[in-house]
Amino acid sequence: MEYLAQLMLIAVAAAIINNFVLHYFVGICPFIGVSRKVDMAFGMGCAVTFVISIAAFLSWTFTYFIGRPGAPLTTFIWRQVAPGSTAVIDLSILNYIIFIFVIASSVQFVEMYLRRFFPPLFKAFGIFLPLITTNCAILFACLEIMKHVAGASDPAQIWGLDKALTLAIFGGIGFAIAITIMAGIREELDGCDVPKPLRGAGITLLVAGILAMAFMGFTGVDRGLETLILGK
Amino acid sequence: MLTTTTVLTAAGTMLVLGLAMCAVLGWASRAFHVAVDPRVEAASAALPGANCGGCGYVGCNEYAEAVVKGADVSLCPVGGASVAAALAEIMGIEVKETAPRRPVVHCAANHSQRLGRHEYKGEQTCAAANLVAGVQGCVYGCLGLGDCVRACEYDAIHIVDGLATVDYVKCIGCSACARVCPRNIITMIPFKADQVLVVKCSNRDMGKDVTNVCKVGCIGCRSCTRLMGEVFNFDRNLPSINYDAYTASLDMSKVLEKCPMASLVWVGKPTPKHLEQTAGEVLPERIEADFKTTADQAEWRG
C-alpha cells in the first residue's frame with residue numbers, strides 16, 4: 001500500500017504539481033513551437049512521453065550501474081584492473097554528457113526501428129521524433145532521476161527503476177497536458193484582436209506565464225496528499 | 001591518485017559507451033534499412049524546396065512522393081516548366097506543355113467605378129466586410145481591404161485605388177491570395193504567354209442590376225460568345241474563357257472591340273513595347289521598407 005502510494009505521489013507531482021513546463025520551465029521550445037494546433041500538440045506530447053520513458057530507462061541504468069559513487073559495475077571493473085584498491089569511483093561528472101549522448105543515440109535507434117516496423121507510427125511522429133532529441137524536458141527528467149539515484153545519502157532511499165519510470169512517464173503526460181491546453185488557448189487566440197506588437201511569440205509567452213500561474217495553485221497539494229495517504 | 005583514477009575511468013567509460021553505441025546504431029541502420037525509392041529523393045531534390053503548398057500537398061517532400069506514385073508532374077507553380085521537365089525526366093514520362101499558373105482578379109472596378117458604397121468602419125478585412133450587407137453595391141466584386149495583400153509573401157499583390165492588382169513580375173503563383181479571398185474572385189489561370197486575356201468581372205446578375213452597382217461590370221450581352229464561341233463559355237450572365245482552347249496566337253481584336261463594357265482585359269507582365277511607351281511617365285514615388293541597420297550606414301574607417 002505504502003509502495004503504491006509513493007508511486008502515486010511521484011506520478012501526481014510529476015504530471016501536475018511540479019509540471020515540467022509550467023513549474024520548472026523546461027521544454028519551452030516545443031511548448032511554444034508546436035502548440036499551434038491541438039492535434040499536433042497532442043502528437044508532440046505523446047512523442048515526448050514515449051522518448052522520455054526510453055531515455056529514463058537508459059539513464060537510470062547508467063546511473064545505477066555505472067555513474068553513481070560506488071556503482072557496482074564500475075567498482076567491479078576497477079577491482080579487476082587494480083586489485084586491492086579501495087578507492088570509491090565516482091563517475092557522476094559524466095552525467096550530462098552521457099545523458100545527452102544516450103538520448104540522442106536512443107532517439108536515432110527508435111526512429112530507425114519505427115521506420116522499419118511501424119511505418120504509420122513513424123509517419124505520425126514525423127519530424128517530432130528527431131526534434132525531441134534536443135528537448136530539455138527529457139534531459140531534465142534524466143537529471144531528476146540521477147539526483148535520486150546518485151544523490152541519495154541513505155542507500156534505502158535510492159530510487160529503483162519503477163520510481164524512475166513513473167516520474168518519466170507522468171512527467172511526459174504532464175508535458176502533454178500542458179502543451180495541449182496551450183494549443184487549445186492558442187487556437188482560440190486566432191479569433192482575438194491581439195495588439196500588433198504582441199502578435200506571435202509575444203502573446204504566446206504571456207499566455208504561458210498566466211497558465212504557469214494557474215498551475216502554481218497546485219503547490220503544496222503533494223504535502224497534503226502525503227499526509228492524507230500515508231497518515232504522517 | 002583518486003583524480004587520475006576518475007579521469008581514467010571516465011575516459012574509459014566514454015570510449016566503451018561510444019564504441020557500443022556506434023556498433024548498435026551501425027547494426028541498426030543495416031538491420032532496419034528501409035529501401036526508399038531513389039526517385040523520391042531525386043524528385044525532392046528537383047523541387048524548389050520552398051514548401052509553399054501551392055501544388056496542393058503539404059510540402060515539397062510530400063509532393064515528391066505523390067509524383068512517384070503517379071501524380072501530375074506539372075503541379076508545382078513555383079518551379080514552372082523547368083521543374084515539370086525535370087520531374088518528367090526522373091519519372092521517364094513525357095511532359096505536356098505546361099504554363100505557369102498565375103492569379104487573376106476577376107474585377108476591374110476601382111473605387112469611383114463601384115456604386116452603392118457605404119462607409120464601413122468595422123474590422124478592416126475583406127473576410128469581415130464580406131459578412132456585412134451594404135458595404136458596396138456589387139456583392140461579387142473586390143472589397144479592396146487587402147486580405148490578399150496580407151496573404152502574399154512575395155509582395156506581388158497590392159490594392160491600387162481600391163482594387164487588388166497583381167504584380168506579375170514578382171508573382172510566383174503560390175495561390176495564397178486565391179485561397180484567402182472571401183469572395184473567390186481570384187482564380188489561378190495558365191499563362192500561355194506573358195499576357196493573356198481575362199474576363200475582369202464576376203457579377204452574375206442581369207445587365208440592369210450590374211449597371212446599377214458598377215460602371216465597368218459585365219452586362220452579359222453575349223457579344224464575345226457570339227463572335228468566338230469556341231473560346232468563350234457563357235454561364236449565368238457571365239462569360240468565361242476556356243483556357244484549354246485559348247492560345248496566345250488567337251486574334252482577339254474583334255471581341256475586344258465589340259465588348260461594350262471593356263470587361264475583357266489583357267493582364268500579365270509588361271512587354272518591352274509597353275515599357276517603352278510608359279518610359280517617359282513619372283511614377284508616384286513608392287516608399288520601400290528600409291531594412292538597413294546602423295551598421296550598414298556606418299562608414300568604414302578600417
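The values are calculated or read from the model by the stated rules, or taken from the named source; none is laboratory data. Being a predicted model, the structure only gives us computed values, none of them experimental. Using ideal geometry, Cβ is built from the backbone for each residue, glycine included, and neighbour counts are taken over all protein chains shown. Calculation scope for accessible area: heavy atoms of the full protein, side chains included, ligands and nucleic acids excluded. Shrake-Rupley method; radii C 1.70, N 1.55, O 1.52, S 1.80 Å.
Only helices (runs of 4 or more DSSP H) whose full extent lies in the stretch B:119-213 are considered here, and the ones with at least 2 residues that are closer than 29 Å to B:P260 by Cα and over 16 Å from the mean Cα position of the chain (by Cα) are B:207-213. Among residues of the stretch A:207-229 that are surrounded by 10 or more Cβ atoms within 10 Å (Cβ to Cβ), those with a Cβ under 7 angstrom from a residue that is modelled with pLDDT under 85 and not in a helix (DSSP H, G or I), sequence gap 6+ or separate chain, pair up as A:E226/A:K232. Only residues that are hydrophobic (A, V, I, L, M, F, W, C) and over 30 Å from A:S59 (Cβ atoms) were counted in the stretch B:18-76, giving 21.
One line per residue, one yes/no per condition, for (1) crowded, with 21+ Cβ neighbours inside 10 Å; (2) closer than 22 Å to B:C152 by Cβ; (3) out of contact with any helix residue (DSSP H, G or I) (no Cβ under 7 Å at 6 or more places or on another chain); (4) not hydroxyl-bearing (S, T, Y):
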| position | (1), (2), (3), (4) |
| --- | --- |
| B:Y57 | no, yes, no, no |
| B:A66 | no, no, yes, yes |
| B:V73 | yes, no, no, yes |
| B:P77 | yes, yes, yes, yes |
| B:A81 | no, no, yes, yes |
| B:A84 | yes, no, yes, yes |
| B:I90 | no, no, no, yes |
| B:E119 | no, no, yes, yes |
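Filter the stretch A:112-128 for residues that are within 24 Å of A:G174 (Cβ to Cβ) and within 14 Å of chain B (Cβ to nearest Cβ); which is most open to solvent (accessible area, probe 1.4 Å)? The selected residue is A:I127.
Against the list (1) modelled with pLDDT under 85; (2) crowded, with 16+ Cβ neighbours inside 10 Å; (3) not aromatic (F, W, Y), the condition B:E94 fails is (2). Does the stretch A:159-180 contain at least one residue that is under 24 Å from A:M44 (Cα atoms), open to solvent by 70 Å² or more (accessible area, probe 1.4 Å) and under 16 Å from the mean Cα position of the chain (by Cα)? Within the stretch A:159-180, one or more residues are under 24 Å from A:M44 (Cα atoms), open to solvent by 70 Å² or more (accessible area, probe 1.4 Å) and under 16 Å from the mean Cα position of the chain (by Cα). Note on the stretch A:181-230: residues that are basic (K, R) and within 14 Å of another protein chain (Cβ to nearest Cβ) total 2.
Among the residues of the stretch A:178-194, just one is among the hydrophobic types (A, V, I, L, M, F, W, C), closer than 13 Å to A:V38 by Cβ and modelled with pLDDT under 90, namely A:L189.
Residues in the stretch A:40-63 that are open to solvent by 40 Å² or more (accessible area, probe 1.4 Å) and either within 14 Å of chain B (Cβ to nearest Cβ) or free of Cβ contacts under 8 Å to residues at least 60 places away in the same chain (or both): A:M40, A:I54, A:L58, A:T61. When the criteria are applied in full, B:V255 meets the requirement of being at pLDDT 80 or above and in a helix (DSSP H, G or I).
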